[in-house]
């Protein structure tokens, strides 16, 4: 392992400069990804042995969770309350809220269940913005072409095409919910560029786009007919005789009980897996992002895709330690901020797609040109003073969250660069869906980060806020419509699908010691919290006392 | 630097004496010391408003409110988590306000208590984002919704201001109402409207 320059020595060497040229030497092409991007580390991947994706490559840590036993069995449900609804939405981020709002608007009875509070999600943390082609020199076709190009192949073209065509109407819908955007002096939407885009297309509200979106959608849901069940993580989906999705089992963190929700359609909008800390990376993700939805859908038989590809956002904070992994928006680079190694040299075009930029940062640190952040961590400089020198006042005006982060870090980003390192940001793959967000299991819709196909192997900045609203609205409407088709037949719901899944696990000689969904990252010690003993009647932990 | 990193800090969190290395946040210190913590943890980046804590620092009798994910531990600190959020108790729908002339009257129907502000400053003191909360309420009461909303750009809806108000005003929801009506009635970007028109006429298609 190469030795990087200690933080104090490196910061003394730094001088603010408005312009720095990019050296010609910087590029390595595809070899850069293959050598340094964490997706290309071969022994991190295994073949899945059970379930609909048996034989497909999957990240080892994710495979462990997918091929685990359930947290519950039929006996746990014996005395559980049963509730009926038309549409059950699992997940309270931007995707879940927009789906719930549209399903309720279409006349369905809707329950929205969320693991923590409504709005606890990655949406609230999104900073950079949302893509929609509204500028006169831009078109949906260009948006589509950029999305396909950035995806490094393997994209579901139909989904991407529909999403970019939805873009402008998604913005109108958000404004109608009461969301603000940054506007120019004439009231037009301001747009900024993103890595890998051919036109300015990212619409934004400061560097608080997700916060603004989430607080508005949360308020809209609270003021609608949607019934919100907070602190109620789903631990299993329910199936009917035909194997269709027929509801879910929720576990209440408030009264420590299970409830059965029978629903005619279920929409899973649980987000991604950042808090699994794949490959030991820090993450920009919300505390609850541990892949619950993938597990639930997989056990019920939903097909997944691209489980070996994840996005590492180039600019996660690397110093100070207590804020490690915190996101700094790509908007800062699109405003012109450089990335500099310890020698204060640029080493990549900062607006290349995220996978390339992340790999280049990892390379600089691996080869000893990075800055040592202590605690075994390293990073490179995000040269924020350079944009302040070129556009005085821009940081305060456009990036208040960055300024606040600086205050919390004891660093003024207008005068001093921030130390950054790639942070695990996004699950590129996920549940296979169609244009309405329907999975391969009838009755089960999946939307947002839990899905795959929309972004291929690399997502562009601003395309995920677009995705959650575009597919959220469509799935909400489709799920509400399906209610009528299902009709009034009384269906028997059960955990029958678990029996088959357990049999498969045993035949494959998988250990049945691990249970999932995890619900929380291991370091929160949820499994050891005696408060929740009531939810653990069935837990087979090794008794060490 | 590595020498400093080993320095240990003693503090009390939720009544438990904890010893943890400096450079940890309150939540990280709690986990480090082996205590489970699930409720009151959220984004861990200071934007979700979940991890609200009361803090009393050593040698001080003053109690302040902060976010536990952003708060660095200090020697002798005493910290308590505030767990459950309070859902808003007023109900309104933007599409029930017929037009922008009616917003002010509607506001006072929805938030009748807002005009009762005693100017005690409790809401402003309690805000972990240093927003001039009281001023925002005052502006909204006068119908100056755009200005009121602009004060709340950084609001994470942690509800602390609501907890602090003796008149049961919900200042963060007052502010969010102000922000929402501003967008709903006044955001009409011509570049967006042009694009929507072109798409309506089928002039823009995507070839896969």
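Derivation of every value follows stated rules applied to the coordinates shown; laboratory data play no part. If you're wondering where the values come from, they're calculated on a predicted model, not measured in any experiment. Counting neighbours? That spans all protein chains shown, and the Cβs are built from the backbone with ideal geometry, glycine included.
The table for this structure:
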item: Mean-position separation - Cα centroids, region A:64-111 and region A:451-511, in angstrom; result: 11 Å
item: For region A:261-397, share of DSSP beta bridges that run antiparallel, in % to the nearest 5; result: 100 percent
item: Highest to lowest packing among B:137-148, A:164-175, B:171-182, scored as the average C-beta count within 10 Å; result: B:171-182, A:164-175, B:137-148
item: Zero-based 10 Å bins, Cα pair distances in region A:431-506, whole percents; result: 16, 36, 29, 17, 2
item: Förster-model FRET efficiency, 41 Å R0, residue A:157 and residue A:25, C-beta, rounded to 0.05; result: 0.70
item: Taking the convex hull of Cα positions in region A:87-226, its mean projected area over all directions (nm²); result: 9.2 nm²
item: Most to least packed among A:402-412, A:200-210, B:14-24 [average Cβ atoms within 10 Å]; result: A:200-210, A:402-412, B:14-24
item: Shape parameters for region B:94-186, alpha-carbon atoms, Rg then Dmax in Å; result: 12.3, 36
item: Bridge type composition, the protein assembly as shown - antiparallel percent by DSSP, nearest 5; result: 65 percent
item: Ratio of the Cα radius of gyration of region B:2-81 to 2.2 N^0.38 Å, where N counts its residues; result: 1.03
item: Rel. contact order, % - alpha carbon contacts under 8 angstrom, at least six apart, chain A; result: 26 percent
item: For region A:214-273 and region A:276-337, distance of Cα centres in Å; result: 23 Å
item: Per-residue mean of C-beta atoms belonging to partner chains within 10 Å, peptide A:209-215; result: 5
item: Separation in nanometres of the label points that stand 7 Å from Cα toward Cβ, at residue B:56 and residue A:366; result: 5.2 nm
item: More than 29 Å apart - percent of Cα-Cα pairs taken over chain A; result: 51 percent
item: Extension gain (nm, one decimal) between residue B:198 and residue B:104, 0.36 nm per residue minus Cα-Cα; result: 30.3 nm
item: Relative contact order of region B:2-81, pairs being alpha-carbon contacts under 8 Å that are 6 or more residues apart, as %; result: 36 percent
item: Size of region B:1-153 as Cα extents on the principal axes (Å, biggest first); result: 63, 30, 29
item: Estimated [θ] at 222 nm from DSSP helical runs (n ≥ 4, -39500 (n - 2.57)) normalised by residues in the protein assembly as shown, nearest 500; result: -9000 deg cm²/dmol
item: log10 of Debye I(q)/I(0), alpha-carbon scatterers only, for region A:254-352 at 0.16 Å⁻¹; result: -0.90
item: Kirkwood hydrodynamic radius (C-alpha pairs) into Stokes-Einstein, region A:1-119, 37 °C and 0.692 mPa s, D in µm²/s; result: 155 µm²/s
item: Protection-proxy order for peptides B:103-110, B:73-80, each taking the mean of Cβ atoms within 10 Å per residue, highest first; result: B:73-80, B:103-110
item: Inter-label distance for residue A:509 and residue B:205, nm, one decimal - labels placed 7 Å from Cα along Cα-to-Cβ; result: 5.7 nm
item: For chain B: relative contact order, % (alpha-carbon pairs under 8 angstrom, 6 or more apart); result: 16 percent
